[in-house]
1. Which of the residues that make up segment 89-104 are crowded, with 18+ Cβ neighbours inside 10 Å and closer than 15 Å to Asn36 by Cα?
2. Gly55 is checked against (1) surrounded by 13 or more Cβ atoms within 10 Å (Cβ to Cβ); (2) under 16 Å from the mean Cα position of the chain (by Cα) and fails just one. What number does that condition carry?
3. Would you check if there is a residue in segment 37-44 being within 18 Å of Ala101 (Cα to Cα) and more than 16 Å from the chain's Cα centre (by Cα)?
4. Within segment 47-65, restricting attention to residues that are among the aliphatic types (A, V, I, L, M) and touching a His at 6+ places or on another chain (Cβ under 8 Å), which residue is nearest to the ligand (Cβ to nearest atom)?
5. Six or more apart or on different chains, Cβ under 6 Å: which pairs go from a residue in segment 7-27 that's among the aliphatic types (A, V, I, L, M) to one that's within 9 Å of the ligand (Cβ to nearest atom) and part of a loop (DSSP other than H, G, I, E, B)? Could you list them?
6. List the number of the failed condition for Asn92; all other conditions in (1) of a type in the set (S, T, N, Q); (2) out of contact with any helix residue (DSSP H, G or I) (no Cβ under 6 Å at 6 or more places or on another chain); (3) within 13 Å of the ligand (Cβ to nearest atom) hold.
7. Which of the residues that make up segment 11-46 are more than 7 Å from the ligand (Cβ to nearest atom), within 18 Å of Val65 (Cβ to Cβ) and not acidic (Asp, Glu)?
8. Looking at segment 83-96, which of the residues that are in contact (Cβ under 8 Å) with a residue 24 or more places away in the chain and assigned to a loop (DSSP other than H, G, I, E, B) is nearest to the chain's Cα centre (by Cα)?
Amino acid sequence: MEIDLADTIFTKILNKEIPADIVHEDEHCIAFRDINPQAPVHLLIIPRRAIASIGSMQDADVSLVGHLFRVARDLARSNGIAEGGYRLIINNGENAGQTVAHLHVHLMGGRSFNWPPG
Ligand code: 5GP
């Protein structure tokens, strides 16, 4: 699927122009349930600022990206998947299957995952 480099669907979710099941909001990021969940818990954690991908993050974004992982850790705990284990995924670019050009961390848990991923 082509990457949409313009205003993404996630900007519309951030701006509350389209609905999403938002499970966390703070000054720097929001998290919401993936519309097409691939696990019993499948959340997306995205920065408010539209960074397209890890590949385009700046050095100044280090603490923001770290914040996304801290929120992922806390959401794993509050969603009951911390003990059993969970997977964090960031798809970067076409070969990885990135379809939305707004950085997002997938937090998935509640089942076992294969390695290596497909
Ligand atoms: P990617 O493939 O870019 O790593 O992940 C994009 C994710 O966004 C997919 O898992 C897809 O299901 C999810 N997604 C796409 N559009 C929407 C939407 O409108 N709402 C929600 N909640 N998730 C979406």
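Since every read-out is calculated from the coordinates, none of them should be taken as a lab result. Nothing here was measured: the structure is a model prediction, and the numbers come from that model. With ideal geometry, Cβ positions are generated from the backbone for all residues, glycine too; neighbour counts draw on all protein chains shown.
1. The answer is Gln98, Val100, His104.
2. So Gly55 meets the others, but not (1).
3. Checked segment 37-44: no residue is within 18 Å of Ala101 (Cα to Cα) and more than 16 Å from the chain's Cα centre (by Cα).
4. Checking each candidate, the answer is Ala52.
5. Ile13/Ala20
6. Failing condition for Asn92: (2).
7. Once the filter is applied, which keeps residues that are more than 7 Å from the ligand (Cβ to nearest atom), within 18 Å of Val65 (Cβ to Cβ) and not acidic (Asp, Glu), segment 11-46 yields Leu14, His24, His28, Cys29, Ile30, Ala31, Leu43, Ile45, Ile46.
8. Of everything passing the filter in segment 83-96, Ile90 is nearest to the chain's Cα centre (by Cα).
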